[in-house]
Amino acid sequence: MTDRLLVCGLGSGMDHSLTELRSPRRELVVATDRPTDRARAAADVLLAVDPNDAVAVLAELSAAGIDRIDGVFSLGADNPPVISTLARRFGCPGLPLETALDCTLKDRRLRILRAAGLDLPRFATAESVGEAVRAAADIGLPVVLKPSDQTGSLGVLKAESADQVRALAQEALRLSPGGRIVVEEFLEGTEHTLAAFMADGELHRFGFADREYGHKERFAPHFFEGGDTLPSRLTAEQIEEVTETVRRGAAALRLDPAVVNTDILRTHDGRVVLLEITCRLTGARIATEVMRLATGVDPLPNVVRLALGRPLDLEELRPRHGRAVVQRFLPADGGVVEWAGDPRDVARRTGVHDVFWGLDLRPGTVVPPYRGGAEVLAGVIAHAEDLQGAEAIAERTLNALPLRFKAGTQ
């Protein structure tokens, strides 16, 4: 029988991977609020719907006459509760809804990890500006404010004074559907992404990248992440220490079996702090293209096996080669586009895997100021024999982008 897979949600750029999911032995249903040409070409059935709304997705499936789904997952979209709800509705494999909520809602996740003895920033929750001000005073400035129920970096703000806490807490609360925020101690160090599968209590790592935060506070109070770097600059011993921390976090949250995406901070004095951990594939093309270019490991076949309740093929998670790969972003930070060409014109250079616009750019497009959690203006994925070479290729490529803003607007 043909397997019917539902891909519910596409992270930024993740439509590039849809073609690889096609097979004569499966039917591919894609539910997305980003119905790109790639998605239309790859999907057997395309549903234009908010993938963060389980009721809306179920209604669209019913309208399309689809009453059977054999496996469901997202491609980098941070919507585990919806995935769990759909899996239960159709009787296919998936984590319980409570588990998905535990790793999605920041305050719940932090409480569980703290109870398990994981090293965390000092934190408190707040449902009002006054509570946030008191929490910040107890924790000590500076602090980071985060909507408890938002994903990515949307509404994540650094406050360095009591006055800033008052103003920024109001903004973070506005962005929280549930009206609840987390106030966290601000820590400094290097940040990393670990991608893995958890099965039978064992964590099987298939990717490890350094997060590029050289200009992290360029748009303060918002944070800016400039991309990803492989291989990591951490030592093998340090990577294993991080991996064990992630395994403990995944076990505490009962992410088993699951694909696991994490953000980790290693402080300057060697603490390993788990900032984020959730049950989804790493997005922004990191797990599917950046890590794969570096190691040769393609996680997608095992993502499909997991969704269908079949055993993982651990041999497929072993690195095939080692290559330096970077992904670098240009932030979208205001202006009016005068002219935009085809980024593929600079993608033919040696070492350029891809270069892309993060926004739909055409003459007259108004690019808003950077406010965190927004799409990037452009990005490049580059590779070379060493990191210095890959970074140089990425820099030259972004400098050569066919884009011009109207005078005085950038």
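Any residue at all in region 189-207 that's free of Cβ contacts under 8 Å to residues at least 60 places away in the same chain and either hydrophobic (A, V, I, L, M, F, W, C) or outside the structural domain of R271 (by TED's automatic domain parsing) (or both)? Taking every residue of region 189-207 in turn, at least one turns out to be free of Cβ contacts under 8 Å to residues at least 60 places away in the same chain and either hydrophobic (A, V, I, L, M, F, W, C) or outside the structural domain of R271 (by TED's automatic domain parsing) (or both). Taken as a whole, region 9-24 holds at least one residue that is closer than 20 Å to T151 by Cα and surrounded by fewer than 21 Cβ atoms within 10 Å (Cβ to Cβ). Entry remark, region 57-89: residues being within 23 Å of N261 (Cβ to Cβ), of a type in the set (A, V, I, L, M, F, W, C) and in a helix (DSSP H, G or I) number 5 in total. Taken over region 165-187, residues that are of a type in the set (S, T, N, Q) and assigned to a loop (DSSP other than H, G, I, E, B) amount to 1.
Checked against the criterion of being touching a helix residue (DSSP H, G or I) at 6+ places or on another chain (Cβ under 9 Å) and touching a residue at least 12 places away in the same chain (Cβ under 8 Å), the candidates P257, P331 yield just one match: P257.
Looking only at region 267-315, residues that are surrounded by 16 or more Cβ atoms within 10 Å (Cβ to Cβ), of a type in the set (D, E) and over 30 Å from E185 (Cα atoms) come to 2 in all. Only a single criterion out of (1) crowded, with 18+ Cβ neighbours inside 10 Å; (2) out of contact with any Lys or Arg (no Cβ under 9 Å at 6 or more places or on another chain) is not satisfied by G335, namely (2). Only one entry in R114, R89, R109 is surrounded by 16 or more Cβ atoms within 10 Å (Cβ to Cβ) and either more than 23 Å from E217 (Cα to Cα) or touching a Lys or Arg at 6+ places or on another chain (Cβ under 9 Å) (or both), namely R109.
Quick one: would you say G372 is small (G, A, S), surrounded by 16 or more Cβ atoms within 10 Å (Cβ to Cβ) and not in a helix (DSSP H, G or I)? So G372 fits the description; yes. Remark: pairs (first residue in region 111-129, in contact (Cβ under 8 Å) with a residue 60 or more places away in the chain; second residue loosely packed, with under 15 Cβ neighbours inside 10 Å; Cβ separation under 6 Å; 6+ apart in sequence or on different chains) = D119/R271; L120/R114. Scanning for something more than 20 Å from V304 (Cα to Cα) and within 20 Å of the chain's Cα centre (by Cα), does region 23-34 turn up at least one residue? Among the residues of region 23-34, at least one is more than 20 Å from V304 (Cα to Cα) and within 20 Å of the chain's Cα centre (by Cα), which makes the answer yes.
Does V376 satisfy being within 24 Å of the chain's Cα centre (by Cα), under 30 Å from A258 (Cα atoms) and touching a residue at least 40 places away in the same chain (Cβ under 8 Å)? Yes, satisfied. Criterion applied to R285, R233, R271 was being charged (D, E, K, R) and at positive phi, and the one residue passing it is R285.
The values are calculated or read from the model by the stated rules, or taken from the named source; none is laboratory data. Remember, it's a predicted structure, so these values are computed and weren't measured experimentally. Glycine gets a Cβ as well: all are built from the backbone with ideal geometry, and neighbour counts include every protein chain shown.
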